[in-house]
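Visitor: Sending over a structure as structure tokens; questions will come in a sec.
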């Protein structure tokens, strides 16, 4: 029996992944901010006879403090993690600042994943075949806004959404560069358009119509994700757009930029 942790695991793609592993006989820790979604997660788990293997942790992962508390709670109750999947994300049409003074999309889509990946590394390394999957828009075009990583000066919402994926690309590269043990397989994964509650709420009418027209249902989007998680590549880092393996020599995965972002991020976190 594996122990699988999924952020955003009580809704959307995250819930689809979580329910698969529960149905497979594994233990699943779903992290989310909504108590209502958490109750629904527990109820659905009980319906498939997996209530005793389902754990929901309510946490605000847009806060660094929330991530740190979550790490400590997991370390207290779970001796090992086999798989960690980052799905929690929040896209906004306007600039929203957290109580820690961080832009919300940056804090949840990128910074939370950074903090959790390093904070949970010790538990993952106790597994025989540990895997981290970062579900984001990997492999897409776009530049890192080094002068304003949090888009505090201007907030073009669609560019901000894609910017988080650029940061996650570099974060995956930096993680493998810093991982001297070399045991964890880190997978960057782009599911492309998926019909999730979050995307249904985001953007204008045109964006909603596009996702409704071309977006995959969650149950279909989860299939290639599970395939990869069950048979991860041998390389320390890999990136996929659905089932297509991406070239890690592309500019999006530049090692120098990855090192630079890691240093900027650790400096930012030291002040929170």
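Visitor: Please label the shape of the range 85-137 as rounded, prolate or oblate, based on the square roots a ≥ b ≥ c of the eigenvalues of the alpha-carbon gyration tensor (a/c under 1.5 means rounded; beyond that, a/b larger than b/c means prolate, else oblate).
Guide: Oblate is the answer for the range 85-137, as a/c is 1.5 or above yet b/c matches or exceeds a/b.
Visitor: Using alpha-carbon pairs under 8 Å, 6+ residues apart, how would you state the relative contact order of the chain in percent?
Guide: RCO, the chain: 18 percent.
Visitor: With springs only between Cα atoms under 10 Å, which of 40, 54, 181 fluctuates most in a Gaussian network model of the chain?
Guide: In this elastic network of the chain, the residue with the biggest mean-square fluctuation among 40, 54, 181 is 181.
Visitor: In the P(r) worked out for the chain, what percent of Cα pairs fall beyond 36 Å?
Guide: The proportion of pairs with Cα distances above 36 Å equals 7 percent.
Visitor: When a footprinting reagent is the concern and you count Cβ atoms within 10 Å, what order do 111, 81, 22 take, fewest first?
Guide: Listing 111, 81, 22 from fewest to most nearby Cβ atoms yields 22, 81, 111.
Visitor: What distance in nm lies between label points placed 7 Å from Cα along the C-beta direction at residue 58 and residue 100?
Guide: Between residue 58 and residue 100, the simple spin-label model gives 2.0 nm.
Visitor: Taking every DSSP beta bridge with both residues inside the chain, roughly what % is antiparallel (nearest 5)?
Guide: 10 percent
Visitor: Once you place label points 7 Å from the Cα toward the Cβ at residue 243 and residue 162, how far apart are they in nm?
Guide: Distance between the two pseudo-spin positions: 2.7 nm.
Visitor: Could you give the alpha-carbon Rg of the range 53-179 over 2.2 N^0.38 Å, rounded to two decimals?
Guide: Taking N as the residue count of the range 53-179, the ratio is 1.09.
Visitor: Between residue 267 and residue 152, what is the label-to-label distance in nm when each label sits 7 Å out along the Cα-to-Cβ direction?
Guide: Here the modelled spin labels are 1.4 nm apart.
Visitor: Ranked by Cβ crowding within 10 angstrom, fewest neighbours first, how are 133, 161 ordered?
Guide: Going from sparsest to densest Cβ surroundings: 161, 133.
Each reported figure results from applying straightforward, stated rules to the coordinates on display, with no laboratory input. For clarity, every value in this text was computed on a predicted model and none was experimentally measured. Counting neighbours? That spans all protein chains shown, and the Cβs are built from the backbone with ideal geometry, glycine included.
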